[in-house]
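*Asks:* Got a structure for you, written out below as C-alpha coordinates; questions coming shortly.
The values are calculated or read from the model by the stated rules, or taken from the named source; none is laboratory data. As the structure is a computational prediction, the values presented were derived from the model and not from experiment. All Cβ positions, even for glycine, are placed from backbone atoms using ideal geometry, and neighbour counts span all protein chains on display. Heavy atoms of the whole protein, side chains included, go into the accessibility calculation; ligands, DNA and RNA do not. Shrake-Rupley method; radii C 1.70, N 1.55, O 1.52, S 1.80 Å.
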Amino acid sequence: MLALGLGVVLAMALPAAEGTRVRGAAEYVGRWNVRITDATDTFVSGGFDLRPAAGGLSASIVWRWGSVLTATKANVDEGVLHMTREEEPGKVDAFEARLEGELLEGEVRYPDGRVQHFEGRRAPDLAAPRSPRWGAPVMLFDGKTLDGWRLRDPKAKMGWAVIDGDLAVVEAKGNADLVSEKAFQDMKLHIEFNVEPKSNSGVYLRGRHEIQILDDPSQVRDTHGCGALYSRIAPSVDATRPPGEWQTYDITFVGRMLTVVLNGKTIIDGATVEGITGGAMDPSEGTPGPLMLQGDHGKVRFRNVVVTPAL
(Lines give C-alpha, C1' and ligand atoms only; values in the text may rest on other atoms or scores of the structure.)
Protein backbone atom coordinates (compact mmCIF):
# COMPACT_ATOMS: atom_id res chain seq x y z
CA MET A 1 0.00 0.00 0.00
CA LEU A 2 1.52 3.34 -1.05
CA ALA A 3 1.76 6.08 1.54
CA LEU A 4 -0.57 8.98 0.88
CA GLY A 5 -0.15 12.44 2.38
CA LEU A 6 -2.01 13.31 5.51
CA GLY A 7 0.05 15.52 7.76
CA VAL A 8 -1.80 15.44 10.99
CA VAL A 9 -2.49 18.54 13.12
CA LEU A 10 -5.21 18.60 15.67
CA ALA A 11 -6.77 22.01 15.89
CA MET A 12 -10.00 22.43 17.74
CA ALA A 13 -11.28 24.12 20.82
CA LEU A 14 -12.48 21.77 23.53
CA PRO A 15 -13.19 23.90 26.59
CA ALA A 16 -13.26 22.09 29.89
CA ALA A 17 -16.71 21.59 31.28
CA GLU A 18 -17.33 23.37 34.54
CA GLY A 19 -16.20 21.19 37.43
CA THR A 20 -14.36 18.71 35.16
CA ARG A 21 -11.01 17.51 36.47
CA VAL A 22 -8.13 18.59 34.26
CA ARG A 23 -6.33 15.53 32.91
CA GLY A 24 -2.55 15.40 32.91
CA ALA A 25 -0.28 14.14 30.13
CA ALA A 26 0.33 10.81 31.90
CA GLU A 27 -3.35 9.92 31.56
CA TYR A 28 -3.07 10.02 27.76
CA VAL A 29 -0.05 7.73 27.58
CA GLY A 30 -0.66 4.41 25.81
CA ARG A 31 -1.97 2.96 22.57
CA TRP A 32 -5.36 4.07 21.29
CA ASN A 33 -7.70 2.49 18.73
CA VAL A 34 -9.43 5.40 17.03
CA ARG A 35 -12.54 5.48 14.85
CA ILE A 36 -13.64 8.42 12.71
CA THR A 37 -17.33 8.87 13.48
CA ASP A 38 -18.40 11.03 10.53
CA ALA A 39 -16.44 9.64 7.57
CA THR A 40 -18.34 9.33 4.29
CA ASP A 41 -16.18 6.48 2.95
CA THR A 42 -14.90 3.16 4.32
CA PHE A 43 -11.58 4.56 5.58
CA VAL A 44 -12.53 5.20 9.19
CA SER A 45 -9.59 3.88 11.20
CA GLY A 46 -6.72 5.48 13.06
CA GLY A 47 -4.38 4.87 15.92
CA PHE A 48 -2.29 6.89 18.39
CA ASP A 49 0.70 5.66 20.36
CA LEU A 50 1.56 8.18 23.09
CA ARG A 51 4.66 7.82 25.24
CA PRO A 52 6.41 9.92 27.89
CA ALA A 53 9.20 12.13 26.58
CA ALA A 54 11.37 14.98 27.76
CA GLY A 55 9.14 18.02 27.97
CA GLY A 56 5.89 16.07 27.67
CA LEU A 57 4.91 13.41 25.14
CA SER A 58 6.04 11.75 21.94
CA ALA A 59 3.50 10.23 19.59
CA SER A 60 3.06 8.22 16.42
CA ILE A 61 -0.12 8.43 14.38
CA VAL A 62 -1.69 6.28 11.69
CA TRP A 63 -4.71 7.85 10.04
CA ARG A 64 -7.11 6.45 7.45
CA TRP A 65 -4.53 5.21 4.94
CA GLY A 66 -0.78 5.53 4.42
CA SER A 67 2.11 5.24 6.82
CA VAL A 68 2.55 5.40 10.55
CA LEU A 69 4.38 8.68 11.17
CA THR A 70 5.90 10.43 14.14
CA ALA A 71 3.90 13.42 15.35
CA THR A 72 5.68 16.75 14.98
CA LYS A 73 4.02 17.92 18.19
CA ALA A 74 2.34 16.17 21.09
CA ASN A 75 1.42 17.89 24.31
CA VAL A 76 -1.38 18.32 26.82
CA ASP A 77 -2.48 21.87 27.60
CA GLU A 78 -5.14 22.49 30.25
CA GLY A 79 -6.25 18.89 29.96
CA VAL A 80 -6.53 18.85 26.15
CA LEU A 81 -4.31 16.68 23.95
CA HIS A 82 -2.80 18.47 20.95
CA MET A 83 -0.91 16.67 18.18
CA THR A 84 0.39 17.59 14.75
CA ARG A 85 1.74 15.47 11.93
CA GLU A 86 3.12 16.35 8.50
CA GLU A 87 3.69 13.83 5.77
CA GLU A 88 4.49 16.59 3.31
CA PRO A 89 6.18 19.81 4.49
CA GLY A 90 3.62 22.48 5.23
CA LYS A 91 0.62 20.14 4.96
CA VAL A 92 -0.44 19.75 8.54
CA ASP A 93 -3.43 17.99 10.02
CA ALA A 94 -4.28 19.14 13.53
CA PHE A 95 -5.70 16.93 16.25
CA GLU A 96 -7.22 17.94 19.57
CA ALA A 97 -8.86 15.52 21.95
CA ARG A 98 -10.09 15.27 25.51
CA LEU A 99 -10.58 12.30 27.80
CA GLU A 100 -14.22 11.87 28.76
CA GLY A 101 -14.14 9.03 31.25
CA GLU A 102 -12.30 6.26 29.40
CA LEU A 103 -13.25 7.61 25.96
CA LEU A 104 -10.97 9.87 23.93
CA GLU A 105 -13.15 12.34 22.05
CA GLY A 106 -11.78 14.78 19.51
CA GLU A 107 -11.53 16.16 16.02
CA VAL A 108 -8.94 16.62 13.29
CA ARG A 109 -8.66 19.64 11.02
CA TYR A 110 -7.05 19.07 7.61
CA PRO A 111 -5.05 21.65 5.60
CA ASP A 112 -8.10 22.47 3.45
CA GLY A 113 -10.12 23.34 6.57
CA ARG A 114 -12.21 20.18 6.52
CA VAL A 115 -12.93 18.68 9.96
CA GLN A 116 -13.64 15.12 11.04
CA HIS A 117 -14.55 13.84 14.48
CA PHE A 118 -13.30 10.72 16.21
CA GLU A 119 -13.53 8.52 19.28
CA GLY A 120 -10.68 6.51 20.75
CA ARG A 121 -10.49 3.62 23.17
CA ARG A 122 -7.40 2.12 24.75
CA ALA A 123 -5.95 -0.68 22.66
CA PRO A 124 -6.11 -4.14 24.25
CA ASP A 125 -2.94 -5.93 25.38
CA LEU A 126 -3.83 -9.09 23.39
CA ALA A 127 -1.72 -11.39 25.51
CA ALA A 128 -0.83 -14.46 23.46
CA PRO A 129 -1.15 -18.04 24.71
CA ARG A 130 2.16 -19.89 24.75
CA SER A 131 0.89 -22.82 22.70
CA PRO A 132 -2.32 -22.13 20.76
CA ARG A 133 -4.57 -25.04 19.90
CA TRP A 134 -5.29 -24.98 16.20
CA GLY A 135 -8.60 -25.81 14.58
CA ALA A 136 -9.35 -27.20 11.15
CA PRO A 137 -7.99 -25.30 8.13
CA VAL A 138 -10.53 -23.11 6.33
CA MET A 139 -10.23 -22.78 2.54
CA LEU A 140 -11.40 -19.25 1.69
CA PHE A 141 -11.17 -19.41 -2.12
CA ASP A 142 -12.64 -22.33 -4.06
CA GLY A 143 -10.82 -21.55 -7.32
CA LYS A 144 -14.12 -21.15 -9.17
CA THR A 145 -16.21 -18.34 -7.70
CA LEU A 146 -16.10 -15.28 -5.45
CA ASP A 147 -18.38 -17.01 -2.95
CA GLY A 148 -17.47 -16.03 0.61
CA TRP A 149 -16.06 -12.65 -0.42
CA ARG A 150 -17.46 -9.14 -0.75
CA LEU A 151 -16.18 -5.75 -1.82
CA ARG A 152 -15.06 -3.46 0.97
CA ASP A 153 -17.01 -0.66 -0.71
CA PRO A 154 -20.25 -1.98 -2.21
CA LYS A 155 -20.48 1.13 -4.40
CA ALA A 156 -17.13 0.43 -6.07
CA LYS A 157 -16.63 -1.24 -9.41
CA MET A 158 -16.04 -4.99 -9.28
CA GLY A 159 -12.46 -5.27 -10.48
CA TRP A 160 -11.96 -8.85 -9.25
CA ALA A 161 -12.54 -12.04 -11.22
CA VAL A 162 -11.66 -15.72 -11.21
CA ILE A 163 -9.16 -16.29 -14.04
CA ASP A 164 -7.83 -19.78 -14.75
CA GLY A 165 -8.53 -20.79 -11.15
CA ASP A 166 -6.86 -17.70 -9.65
CA LEU A 167 -8.42 -14.85 -7.69
CA ALA A 168 -7.29 -11.88 -9.76
CA VAL A 169 -7.41 -8.11 -9.88
CA VAL A 170 -8.30 -7.50 -13.52
CA GLU A 171 -8.87 -3.75 -13.16
CA ALA A 172 -7.43 -1.82 -10.23
CA LYS A 173 -8.77 1.62 -11.11
CA GLY A 174 -12.05 2.19 -9.28
CA ASN A 175 -11.81 -1.25 -7.67
CA ALA A 176 -12.10 -1.93 -3.94
CA ASP A 177 -10.43 -4.30 -1.51
CA LEU A 178 -11.89 -7.79 -1.26
CA VAL A 179 -13.06 -8.93 2.18
CA SER A 180 -13.72 -12.46 3.42
CA GLU A 181 -17.10 -13.12 4.99
CA LYS A 182 -15.39 -15.17 7.70
CA ALA A 183 -13.55 -13.41 10.53
CA PHE A 184 -10.57 -14.58 12.56
CA GLN A 185 -8.50 -13.52 15.55
CA ASP A 186 -5.44 -15.73 16.24
CA MET A 187 -4.57 -17.62 13.09
CA LYS A 188 -2.16 -19.14 10.66
CA LEU A 189 -2.46 -18.07 7.02
CA HIS A 190 -1.15 -19.74 3.88
CA ILE A 191 -1.62 -17.69 0.72
CA GLU A 192 0.10 -17.67 -2.67
CA PHE A 193 0.38 -14.54 -4.81
CA ASN A 194 1.69 -13.49 -8.20
CA VAL A 195 2.34 -9.77 -8.58
CA GLU A 196 2.81 -8.03 -11.93
CA PRO A 197 5.87 -5.83 -12.58
CA LYS A 198 5.82 -2.63 -10.45
CA SER A 199 2.47 -3.61 -9.01
CA ASN A 200 1.31 -3.21 -5.41
CA SER A 201 -1.13 -5.05 -3.18
CA GLY A 202 -1.37 -6.36 0.37
CA VAL A 203 -2.91 -8.93 2.68
CA TYR A 204 -4.69 -7.53 5.73
CA LEU A 205 -4.77 -9.80 8.78
CA ARG A 206 -7.94 -9.30 10.87
CA GLY A 207 -8.74 -6.57 8.33
CA ARG A 208 -6.31 -4.25 10.17
CA HIS A 209 -2.69 -5.27 9.72
CA GLU A 210 -1.29 -5.16 6.18
CA ILE A 211 1.47 -7.49 5.02
CA GLN A 212 2.80 -5.71 1.98
CA ILE A 213 2.93 -7.15 -1.54
CA LEU A 214 5.11 -5.10 -3.86
CA ASP A 215 7.40 -5.40 -6.84
CA ASP A 216 10.04 -2.76 -6.19
CA PRO A 217 13.68 -3.85 -5.79
CA SER A 218 14.55 -0.44 -4.32
CA GLN A 219 12.36 -1.15 -1.27
CA VAL A 220 13.46 -4.61 -0.20
CA ARG A 221 14.19 -4.87 3.55
CA ASP A 222 12.22 -1.65 4.01
CA THR A 223 9.09 -1.08 6.11
CA HIS A 224 7.26 -0.49 2.81
CA GLY A 225 8.84 -3.42 0.96
CA CYS A 226 7.38 -6.79 0.11
CA GLY A 227 6.91 -8.83 3.27
CA ALA A 228 6.83 -5.86 5.62
CA LEU A 229 4.12 -5.17 8.13
CA TYR A 230 3.32 -1.97 6.29
CA SER A 231 5.27 1.02 7.65
CA ARG A 232 5.87 -0.79 10.97
CA ILE A 233 8.17 -3.84 10.68
CA ALA A 234 10.69 -4.42 7.89
CA PRO A 235 11.58 -7.89 6.63
CA SER A 236 14.94 -9.08 7.95
CA VAL A 237 16.01 -10.60 4.62
CA ASP A 238 15.00 -10.27 0.99
CA ALA A 239 13.14 -13.44 0.06
CA THR A 240 11.20 -12.05 -2.91
CA ARG A 241 11.01 -13.62 -6.34
CA PRO A 242 10.77 -11.77 -9.66
CA PRO A 243 7.37 -10.42 -10.73
CA GLY A 244 5.29 -12.94 -12.62
CA GLU A 245 6.45 -15.83 -10.43
CA TRP A 246 4.25 -17.39 -7.75
CA GLN A 247 5.25 -16.58 -4.18
CA THR A 248 4.04 -17.90 -0.83
CA TYR A 249 3.28 -16.33 2.52
CA ASP A 250 2.99 -18.51 5.62
CA ILE A 251 1.99 -16.19 8.44
CA THR A 252 1.29 -16.81 12.11
CA PHE A 253 -0.47 -14.07 14.06
CA VAL A 254 -1.27 -14.75 17.71
CA GLY A 255 -2.11 -11.89 20.05
CA ARG A 256 0.36 -9.21 18.94
CA MET A 257 3.08 -11.69 17.96
CA LEU A 258 3.70 -11.90 14.21
CA THR A 259 5.83 -14.33 12.20
CA VAL A 260 6.02 -14.03 8.41
CA VAL A 261 7.64 -16.66 6.19
CA LEU A 262 8.06 -15.62 2.55
CA ASN A 263 8.97 -18.33 0.05
CA GLY A 264 10.23 -20.56 2.85
CA LYS A 265 12.39 -17.91 4.55
CA THR A 266 11.46 -16.33 7.89
CA ILE A 267 11.51 -12.57 7.34
CA ILE A 268 9.64 -11.46 10.52
CA ASP A 269 10.21 -13.67 13.53
CA GLY A 270 7.87 -13.27 16.49
CA ALA A 271 7.80 -9.47 16.33
CA THR A 272 5.37 -7.42 18.39
CA VAL A 273 2.69 -5.58 16.40
CA GLU A 274 2.23 -2.16 18.01
CA GLY A 275 -0.98 -1.21 16.23
CA ILE A 276 -3.05 -1.15 13.05
CA THR A 277 -1.70 -0.13 9.66
CA GLY A 278 -3.10 2.42 7.24
CA GLY A 279 -6.19 1.29 5.35
CA ALA A 280 -7.55 -0.84 8.19
CA MET A 281 -11.25 -1.65 7.95
CA ASP A 282 -11.80 -0.86 11.61
CA PRO A 283 -9.50 -0.04 14.54
CA SER A 284 -10.91 -2.46 17.14
CA GLU A 285 -7.93 -4.76 17.69
CA GLY A 286 -9.65 -6.82 20.36
CA THR A 287 -12.24 -8.29 18.00
CA PRO A 288 -11.89 -10.86 15.18
CA GLY A 289 -11.63 -9.48 11.67
CA PRO A 290 -11.69 -10.74 8.08
CA LEU A 291 -8.93 -11.44 5.65
CA MET A 292 -8.75 -8.50 3.26
CA LEU A 293 -6.93 -8.39 -0.07
CA GLN A 294 -5.94 -5.00 -1.44
CA GLY A 295 -7.37 -4.46 -4.89
CA ASP A 296 -7.12 -0.76 -5.76
CA HIS A 297 -3.35 -0.37 -6.26
CA GLY A 298 -2.34 -2.79 -9.01
CA LYS A 299 -2.76 -6.16 -10.66
CA VAL A 300 -2.10 -9.29 -8.64
CA ARG A 301 -3.37 -12.87 -8.46
CA PHE A 302 -3.99 -15.09 -5.43
CA ARG A 303 -4.56 -18.82 -4.97
CA ASN A 304 -4.59 -21.46 -2.20
CA VAL A 305 -5.95 -19.10 0.47
CA VAL A 306 -6.14 -21.12 3.70
CA VAL A 307 -6.63 -19.88 7.27
CA THR A 308 -6.14 -22.15 10.26
CA PRO A 309 -7.85 -20.48 13.26
CA ALA A 310 -6.84 -20.93 16.88
CA LEU A 311 -9.49 -22.53 19.04
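*Asks:* Would you grab the residues whose amide H sits under 5 Å from the one on G159? Only those 5+ places off in sequence or on another chain, please, with H modelled 1.01 Å from N.
*Replies:* A176
*Asks:* Quick query: amide H of T72 versus all other amide H atoms, modeled in the peptide plane; which residues come in under 5 Å with a sequence gap of 5 or more or a different chain?
*Replies:* Residues meeting the amide H criterion: T84, R85, E86.
*Asks:* Count the lysine pairs in the chain that are 8 or more places apart or on different chains: how many have C-alpha atoms under 15 angstrom apart?
*Replies:* Value for the chain: 6.
*Asks:* Find how much the distance from K265 to E100 grows on full extension, using 0.36 nm per residue of separation minus their present alpha carbon separation; answer in nm with one decimal.
*Replies:* Here the segment from K265 to E100 would lengthen by 54.7 nm.
*Asks:* What share of all Cα pairs of region 147-223, in percent, falls into each consecutive 10 Å distance bin?
*Replies:* Spelled out bin by bin, region 147-223 gives 15, 47, 33, 5 percent.
*Asks:* Next question, about the same structure. Return a whole-number percent for the relative contact order of the chain, with Cα pairs under 8 Å and 6 or more residues apart as the contact set.
*Replies:* 22
*Asks:* Could you pull out every residue, at least 5 positions away or on a different chain, whose amide H is within less than 5 Å of the one on S199? Hs are placed 1.01 Å off N in the peptide plane, and Pro or chain starts have none.
*Replies:* Here the answer is D215, since their amide H atoms fall under 5 Å of that of S199.
*Asks:* Which of rounded, prolate, oblate describes region 26-105, given a ≥ b ≥ c as roots of the alpha-carbon gyration tensor eigenvalues and a/c under 1.5 marking rounded, otherwise prolate only if a/b is larger than b/c?
*Replies:* oblate
*Asks:* Over the chain, what percent of the accessible surface lies on carbon and sulfur atoms, probe 1.4 Å?
*Replies:* Carbon and sulfur: 50 percent of the exposed surface of the chain.
*Asks:* A follow-up question, please. Farthest toward the dipole's positive end in region 211-311, which of H224, I211, V261, given Cβ charges of +1 (Lys, Arg) and -1 (Asp, Glu) about the Cα centre?
*Replies:* Comparing the listed Cα positions along the dipole, V261 ranks first.
*Asks:* Can you run phi through the Karplus equation (6.51, -1.76, 1.60; θ = phi - 60°) for region 281-287 and list ³J(HN,Hα) in whole Hz, with x for Gly and Pro?
*Replies:* With the stated coefficients, region 281-287 comes to 5, 8, x, 7, 5, x, 10 Hz.
*Asks:* Could you give the accessible area per residue of the chain, probe 1.4 Å, as a whole number in Å²? Working shown, then result.
*Replies:* Numbers: 13450 Å² over 311 residues.
With the other protein chains kept in place, the chain gives 43 Å² per residue.
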